[in-house]
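First comes the structure, then the notes that go with it.
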Amino acid sequence: MTVNSSNAPGVKSLRHHTQSWASTQATWRFYHNEDVTFPMLSGPMLGLARSGVKESQSRYVLMAHDWCHINFAKHHSKLDKTKMSHALDVGYELQASLLVDANTGAPIAPAGLNLLTSNGIYQCRSQELQPKQSHLDSLFDSIHWQEQLHLDKPLVHVVDREADSAKDLRRLGSVHWLTRTKKGSTFRHEGQFKTAEIISRTISSDLKGVISLRGKEGYLFVGETTVELHRKSEKLASAAPTCRFVMSLVTDDEGKELARWYLLSNVLDVDATEIATWYCHRWNIESWFKLLKSDGHQLEKWQQTTAESILKRLITASVATTLIFKLYSDSSDEANEFKGFLVKLSGRLTKRTKPVTQPSLLAGLWVFLQMCEVLDTYTIDEINTMRQIASSFFAQSV
């Protein structure tokens, strides 16, 4: 009985008895207003980031970076789309940076959004369209800007295998980073060039405990050594810096391998187990993307015709997802009661082992906001009149 919200022309609004078309027009004017800039819209998002970092009990805060394709192949009105992986993968590429609590893995807030188009890159921190850059050049510009935010705790920038480049990692200097390397990547270890896979065989790993990985629990084994950031194919004029090489293995109850990571990091004052756990926390940015796309805001259904308007709406939606994650992480009695109420309103089916999910909270919140607007817009007598009219068409129990 639930109507597919992805086909709705605009925000479901009942305020002041206006129609959805009026709300849609107001939204269009807002996103096309020259005074509504990316930095202005990003103010609340960065405010949530600052307060979330300050409230965190962790020593470090993780900044998870990742890329996401936004496919608009069937949206012919968008003229600034770019081809991404293949001919049918056409749209925009989003590069996002999400702050994550290093202790709990809970998302805090996004602190960087870049949108690649055929004309260039739009950034949440600047209103001007920037020239196209490679993934790592664009990422490192974002990292250096984020370091200048002077947040309450030091950042550790966590990137997947896109950052597996010794030359580029050396560019980061004293910035704290953590990345995953390919098994065939070479490093200088104990005076010889070896692949990551061969180096891992020389490391003794120990069982460190149980860890949650993509919704499943497994046993974590960790071992480490030190390598030089120097590839066999490179000729360096000076000595290469050293970094930690952490081999992380996750198995199930029967010893079957669930995941194996070869991790590199220049963070020296934490245990290797913490490094491996941090990389597991990086997965939460995928949950954040999912909430923007298929399980939440239906990003790939948006009708805005330019990347500029898409990014403005993305920044606004990011604030909503941040507040949902904040509610999800709150374990107080009051928050638990409200979460149960929203899940019930959402109509979503959830597992008994996980009765509350972020998508169900977001869906329930929209229903609750509509209920509040109905109560603000219509009197009790008007609502009872509507009930009587509805009963003549559907059933006396309405």
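Using Cα atoms only, what is the angle between the long axis of helix 358-377 and the major principal axis of the chain, expressed in degrees (0 to 90) to the nearest 10? Once rounded, the angle reads 30 degrees.
A convex hull fitted around the alpha carbon atoms of the stretch 71-144 yields 125 Å³ per residue. In the chain, taking the dipole from charged Cβ atoms about the Cα centre, the farthest positive-side position among Leu98, His135, Ser392 is held by His135.
Checking every one of the trypsin sites (Lys or Arg not before Pro) in the stretch 330-398 against DSSP loop status and a limit of 10 other Cβ atoms within 10 Å picks out Arg352. Note on the stretch 227-342: dipole from Cβ charges, positive end direction compared against Trp278, Ser309, Gly296; the farthest Cα belongs to Ser309. Output needed for the chain: three equivalent-ellipsoid semi-axes, defined as square roots of 5 times the C-alpha gyration tensor eigenvalues, in descending order, whole Å. Those come to 43, 26, 18 Å. According to the calculation over all Cα-Cα pairs in the stretch 204-284, the P(r) per 10 Å bin from zero is 17, 45, 24, 11, 2 %. Anyone know which of Gln298, Gln148, Gln95 comes out most mobile in the 10 Å Cα GNM of the chain? In this elastic network of the chain, the residue with the biggest mean-square fluctuation among Gln298, Gln148, Gln95 is Gln148.
Take every DSSP beta bridge whose two residues both sit in the stretch 89-187; close to 80 percent of them are antiparallel. The packing ranking of peptides 58-69, 318-329, 201-212, highest mean first, is 58-69, 318-329, 201-212, where packing means the average number of other beta carbon atoms within 10 angstrom of each residue. Modelled this way, with points 7 Å down the Cα-to-C-beta line, the labels at Leu349 and Ala259 are 2.7 nm from one another. Counting only protein heavy atoms and using a 1.4 Å probe, the accessible area of Trp145 comes to about 60 Å². 3J(HN,Hα) along the stretch 25-38: 4, 4, 5, 4, 5, 5, 6, 9, 6, 5, 7, 8, 9, 4 Hz, from the Karplus curve 6.51 cos²θ - 1.76 cosθ + 1.60 with θ = phi - 60°, whole Hz, x for Gly and Pro.
As a length-normalised measure over Cα pairs under 8 Å and 6 or more apart, the relative contact order of the stretch 272-398 settles at 18 percent. Size estimate for the stretch 241-334 follows the Kirkwood approach: the inverse of mean 1/r over distinct Cα pairs works out to 16.8 Å.
Based on the Kirkwood approach, the hydrodynamic radius assigned to the stretch 20-179 is 17.3 Å, with every pair of different Cα atoms included. All C-alpha pair distances within the stretch 154-300, sorted into 5 Å bins from zero, spread as 2, 9, 19, 19, 19, 13, 9, 6, 3, 1, 0 percent across the bins. What does the net charge come to around Lys54 if you take all other residues with beta carbon closer than 10 Å to its beta carbon, with K and R at +1 and D and E at -1? Overall, the nearby charge balance is 0.
Modelled spin labels at Asp252 and Gln303, positioned 7 Å past Cα toward Cβ, are 4.6 nm from each other. Computed in the context of the full set of protein chains, the accessible area of the chain at 1.4 Å probe radius has 52% of its extent on carbon or sulfur. Model label points for Ser118 and Ser212, set 7 angstrom from Cα along the Cα-to-Cβ axis, are 4.3 nm apart. In this structure the amide hydrogen of Phe72, modeled in the peptide plane, comes within under 5 Å of the amide hydrogens of Val90, Gly91, Tyr92, none closer than 5 places in sequence on its chain. Excluding ligands, DNA and RNA, the accessible surface per residue across the chain is 53 Å² with a 1.4 Å probe.
The values are calculated or read from the model by the stated rules, or taken from the named source; none is laboratory data. From a predicted model like this one, the values you see are computed outputs, not experimental measurements. Counting neighbours? That spans all protein chains shown, and the Cβs are built from the backbone with ideal geometry, glycine included. Surface areas here come from the heavy atoms of the whole protein model, side chains and all, with no ligands, DNA or RNA. Shrake-Rupley method; radii C 1.70, N 1.55, O 1.52, S 1.80 Å.
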